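The block underneath contains the structure these notes are about, expressed in structure tokens.
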Amino acid sequence: MSTLAEVAKLIRSKNAGPFWLTLDVMFDDRQTYEAVRDQHVLSVELISRLYMQPRECVRVFAHDAAMAIKVSIPRPHSSGSPMDTDVFGGQQYAPLLDLAVEFPRHQGHK
Amino acid sequence: MLEPLPVLSATGMLGSGFREESIYRALDLGVRMIGCDAGTTDFGPHLLATGDSQFSRAAVKRDTSIILAAAVRAGIPLVIGSAGGAGGDVNLEWMRRVLLETAREQGLHFRLALIHAEQSKDKVRELMRQGRVLPLPPSEPLSDFAVDEALHIVAMMGAEPVQAALDSAQVVLAGRSSDAAIYSALPLKLGYASAVCWHAAKILECGAAAVAQRAAPDSMVAVLHSDSFDVFPMRDDYRCTPQSIASHTLYENVDPFHLVEPSGILNTLESEYVAIDNRAVNVSGSTFELAERYGVKIEGARLVGYSTIILGAIRDPLIIRQLDNWLERLDENLKERLRNTVGDAAQHQITARIYGRDGVMGALEPRKTIEGHEVMVLWDVISASQGLSHSIAASLSHMAVHNPIPEWDGLISGVAFPFAPSEVDRGPVYEFHLNHVVYPDSPTSLFPTDYESV
């Protein structure tokens with residue numbers, strides 16, 4: 001058992017325009033990427049629970065060519081508005097770091 | 001068969017910098033145009049609201065002077081999009097003056113096009129009445145009230161207004177534009193396939209951001225072919241990999257496979273990214289689906305009020321463990337005090353962010369507990385005037401420091417202020433309040449263009 005933070009090359013968040021937030025989890029080897037993708041570590045259900053968003057607002061994409069899983073959710077407040085806490089949306093990924101990834105015995109990971 | 005068409009992106013944002021030799025290197029490769037994006041909504045709504053530039057005049061002028069001289073001397077077009085930051089008329093005029101100043105200093109002569117993207121409230125109301133304005137998720141339908149409140153409204157142009165300007169101008173300063181339209185306009189006009197033009201433009205829009213490891217902003221070149229394009233950086237120590245280029249569709253996009261432009265959607269589901277060598281990548285297989293209706297996004301910003309903030313830190317564990325109650329009691333005490341000073345009618349909003357608990361993530365924070373031994377409270381008082389916000393904040397900070405808890409008898413000083421004065425006036429604060437798409441008469445109808453000879 002590993003955490004997403006241990007096996008990902010980069011976990012980041014950023015604005016996608018002033019009204020959306022997007023989270024990218026990127027990998028540097030296909031085996032790890034596919035394990036995370038196929039175990040649905042980042043599912044709509046989980047993101048909906050973790051970020052307290054209605055399921056219909058959560059979008060999850062598996063990007064094979066980029067070896068990345070992408071999650072997009074609406075921002076609670078538009079970027080830079082008085083109630084916003086993170087103008088670039090750059091520090092909203094921390095809840096993803098400890099998610100568990102399982103690897104079959106024979107598969108190596110870093 | 002179309003000739004290979006090399007296109008240069010000077011950098012991801014005008015004023016963020018690039019190496020001068022990167023531009024000359026691209027000229028040696030025979031690039032047929034230079035483009036640069038000059039705006040973004042990233043820094044917040046104040047750039048649109050005030051017309052200010054994020055980067056200093058000196059930084060923008062430095063970048064502009066190099067690419068303008070390079071383009072004029074090489075006899076190729078220069079396209080600068082989202083001029084001045086937010087791409088409104090104030091931003092555009094600011095950028096025009098910077099450009100004219102450096103042109104004069106360097107003795108450069110050319111035909112200049114200025115494409116306006118600012119929209120009058122009357123125009124937006126008219127489009128609204130005609131049912132041509134729809135909300136984008138997660139926003140509500142546009143109201144007259146929202147239009148009235150807007151300080152500035154801009155529409156984000158597609159490639160067509162830039163193409164029209166290129167008919168008679170060598171240098172194009174465009175107001176708010178789709179970042180990719182800066183780079184797709186010329187190749188589309190020359191007949192290259194839409195999917196190739198838009199995908200190449202999507203990579204170019206951020207300059208060297210799509211390289212594997214970027215130390216500082218710099219330039220990128222794409223060479224367009226009839227059914228694919230190559231992309232590579234100008235700095236020797238940068239390289240593009242299939243993964244770095246594929247990953248760029250993730251950056252700042254909600255959906256990496258369907259990239260929306262005014263004229264249609266770039267579909268990257270079947271895109272193939274192949275290494276040409278250790279620093280260049282070939283991209284093919286993308287498709288472009290024409291939209292049923294040509295639609296442009298509009299952006300608007302409004303004034304929310306005037307803000308005064310207070311930073312106060314707490315170290316006493318007895319206060320920290322009852323922080324929410326302590327804040328509630330403070331709020332009640334303050335209300336009573338304000339009734340006697342500024343009066344009931346003075347509308348205001350006070351928020352308290354707790355750093356050490358959910359200051360960074362706010363509503364999205366799943367761990368709403370304090371685990372450290374100190375917290376920072378950031379109070380933000382917003383009202384219709386700076387004077388009122390300041391006077392409320394002054395009462396607030398004074399009451400906060402002496403706000404009692406039952407465990408201690410007598411007068412306490414429960415907040416550590418790191419600054420004196422502890423109240424900091426932030427001036428006017430704004431918010432983006434338009435997130436809508438409009439369906440204009442034609443792709444160019446919202447974007448009038450002025451021409452001048454420099």
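The values are calculated or read from the model by the stated rules, or taken from the named source; none is laboratory data. Please read these numbers as outputs of a predicted model, since none were measured by experiment. So basically every Cβ, Gly included, is an ideal-geometry build from the backbone, and we count neighbours across all protein chains shown.
A quick yes/no check of all residues on (1) crowded, with 17+ Cβ neighbours inside 10 Å; (2) modelled with pLDDT of 95 or more:
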position: B:195; (1), (2): yes, yes
position: B:214; (1), (2): yes, no
position: B:217; (1), (2): yes, yes
position: B:230; (1), (2): yes, yes
position: B:245; (1), (2): yes, yes
position: B:249; (1), (2): yes, no
position: B:269; (1), (2): no, yes
position: B:286; (1), (2): yes, yes
position: B:298; (1), (2): yes, yes
Could you give every pair whose Cβ atoms fall below 6 Å, whose first residue belongs to the range B:71-84 and is under 12 Å from residue B:172 (Cβ atoms), and whose second residue is in a loop (DSSP other than H, G, I, E, B) and among the hydroxyl-bearing types (Ser, Thr, Tyr), counting only separations of at least 6 or pairs across chains?
none
Quick check: anything in the range B:202-219 within 23 Å of residue B:177 (Cβ to Cβ), away from chain A (no Cβ under 14 Å), hydrophobic (A, V, I, L, M, F, W, C) and not in a loop (DSSP other than H, G, I, E, B)?
yes
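Please verify whether residue B:73 is out of contact with any strand residue (DSSP E or B) (no Cβ under 9 Å at 6 or more places or on another chain) and either surrounded by 19 or more Cβ atoms within 10 Å (Cβ to Cβ) or modelled with pLDDT of 95 or more (or both), treating the condition exactly as stated. Write out each step before concluding.
Working: out of contact with any strand residue (DSSP E or B) (no Cβ under 9 Å at 6 or more places or on another chain): yes; either surrounded by 19 or more Cβ atoms within 10 Å (Cβ to Cβ) or modelled with pLDDT of 95 or more (or both): yes.
It is true that residue B:73 is out of contact with any strand residue (DSSP E or B) (no Cβ under 9 Å at 6 or more places or on another chain) and either surrounded by 19 or more Cβ atoms within 10 Å (Cβ to Cβ) or modelled with pLDDT of 95 or more (or both).
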What helices (runs of 4 or more DSSP H), lying completely within the range A:1-83, carry at least 2 residues that are of a type in the set (Phe, Trp, Tyr)?
none
So is residue B:441 away from every other protein chain (no Cβ under 14 Å), in a strand (DSSP E or B) and not hydroxyl-bearing (Ser, Thr, Tyr) or not?
no
Just for helices (runs of 4 or more DSSP H) wholly inside the range B:89-149: which have at least 1 residues that are assigned by TED's automatic domain parsing to the domain that holds residue B:56, within 25 Å of the chain's Cα centre (by Cα) and of a type in the set (A, V, I, L, M, F, W, C)?
B:89-106
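Among the listed residues B:396, B:434, B:446, identify the single one that is out of contact with any His (no Cβ under 6 Å at 6 or more places or on another chain), buried (at least 20 other Cβ atoms within 10 Å of the Cβ), away from chain A (no Cβ under 14 Å) and not in a helix (DSSP H, G or I).
B:446
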Test for residue A:88: is it part of a loop (DSSP other than H, G, I, E, B), farther than 30 Å from residue B:348 by Cα and of a type in the set (Phe, Trp, Tyr):
no
Working only within the range B:326-370, note down all residues that are at pLDDT below 90 and hydroxyl-bearing (Ser, Thr, Tyr).
B:341
Under 7 Å between Cβ atoms, at least 6 apart or on separate chains: pull out the pairs that start in the range B:24-39 with a residue that is surrounded by fewer than 22 Cβ atoms within 10 Å (Cβ to Cβ) and end on any residue that is in a loop (DSSP other than H, G, I, E, B).
B:25/B:234; B:32/B:76
Looking at the range B:284-324 only, could you name the residues that are within 14 Å of chain A (Cβ to nearest Cβ), among the basic types (Lys, Arg) and over 30 Å from residue B:223 (Cα atoms)?
B:302
Which one is surrounded by the most Cβ atoms within 10 Å (Cβ to Cβ) among residues in the range A:62-88 that are more than 7 Å from every other protein chain (Cβ to nearest Cβ) and acidic (Asp, Glu)?
A:84
Condition first: in contact (Cβ under 8 Å) with a residue 60 or more places away in the chain and away from chain A (no Cβ under 14 Å). Can you find one or more residues in the range B:235-255 that meet it?
yes
Of all residues in the range B:120-177, count the ones that are touching a residue at least 40 places away in the same chain (Cβ under 8 Å), surrounded by fewer than 17 Cβ atoms within 10 Å (Cβ to Cβ) and closer than 30 Å to residue B:71 by Cβ.
1
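Counting just the residues of the range B:254-280 that are of a type outside the set (Gly, Ala, Ser) and in contact with an Asp or Glu (Cβ under 7 Å, 6 or more places away or on another chain), which one comes out nearest to residue B:243 (Cα to Cα)?
For the range B:254-280, the residue satisfying everything is B:276.
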